[in-house]
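First up is the structure itself, then whatever we jot down about it.
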Amino acid sequence: MAFHVEKTRFFGVFLITPDRFGDARGYFEETYNREALRAHGINTDFIQDNQSLSVNRYTIRGLHFQTPPFAQAKLIRVLSGKIFDVAVDIRRGSPTFGQHITEELSAENARQLFIPTGFAHGFCTCSENTVVAYKISAPYAPEYDCGLYWADPKLGIDWPASDKQALLSDKDRALPMLENVENLFEFNQKDFN
């Protein structure tokens, strides 16, 4: 198997590490294989690849999500640099509702995070000139675009950047707290069995 797939304590969220095969020239790795992931229950059809460059350390993007019918599952990886990646469970009825998972993803460790629909996602760059690539399962739809305030104290996320250090877009600074978001998801465990 070219991938090591680990379940997390969040239904539907997986940490994926591809095998790397290296020699004196460098390395080779398979970064995505639909059938290998389906063997682990990840049956998402991705329709688009996105990529972002964050020039400065402590750039925060998120916490973003889209609502149905344009809800997005994501597969996140880092091409250059390192990020503190965050997913917040916003599925009403979930045993982990309002809780978050964090993972360090980097070009060096090659780890990827699969985030199903029903989660808000964001990250903080931990190095300069960080390039993040991610697959998404639905196109961008501005009218269904939502988010959570990155530093909502009720989320309890221990970001590597302080409020003074954090570099955010005006849009992300204006996102609401979780308690003020109406467009949330419903949790159905049958979706993950």
### Query
Taking the alpha-carbon centroid of each part, what is the distance from region 4-51 to region 139-181 in angstrom?
27 Å
## Note on the structure
In debye to the nearest 20, the charge dipole size for the chain, taken about the Cα centre with +1 at each Lys and Arg Cβ and -1 at each Asp and Glu Cβ, equals 140 debye
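Per-residue counts of other Cβ atoms within 10 Å, averaged by peptide: what ranking do you get for 111-117, 77-83, highest first? Walk me through the numbers on the way to the answer.
On the way: 111-117: 22.9, 77-83: 20.6.
With the highest mean Cβ count within 10 Å placed first, the list reads 111-117, 77-83.
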### Task
Order these peptides, 168-178, 99-109, by their mean beta-carbon neighbour count within 10 angstrom, highest first.
99-109, 168-178
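Please arrange Cys124, Cys146 by how many other C-beta atoms lie within 10 Å of their C-beta, fewest to most.
Ranked by crowding around the Cβ, least crowded first: Cys146, Cys124.
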### Task
Using packing as a proxy for protection, rank 134-144, 30-40 so that the peptide with the highest average count of other Cβ atoms within 10 Å comes first.
134-144, 30-40
### Task
Select from Phe114, Gln99, Ala39 the residue farthest towards the positive end of the dipole of region 1-152; place +1 on Cβ of Lys and Arg, -1 on Cβ of Asp and Glu, and compute about the Cα centre.
Gln99
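Laboratory data are not the source of any read-out in this text; all were calculated from the coordinates shown. Just so it is clear, the structure is predicted and the values come from calculations on it, not from any experiment. Positions of Cβ are backbone-derived with ideal geometry, glycine not excepted, and every protein chain shown enters the neighbour counts.
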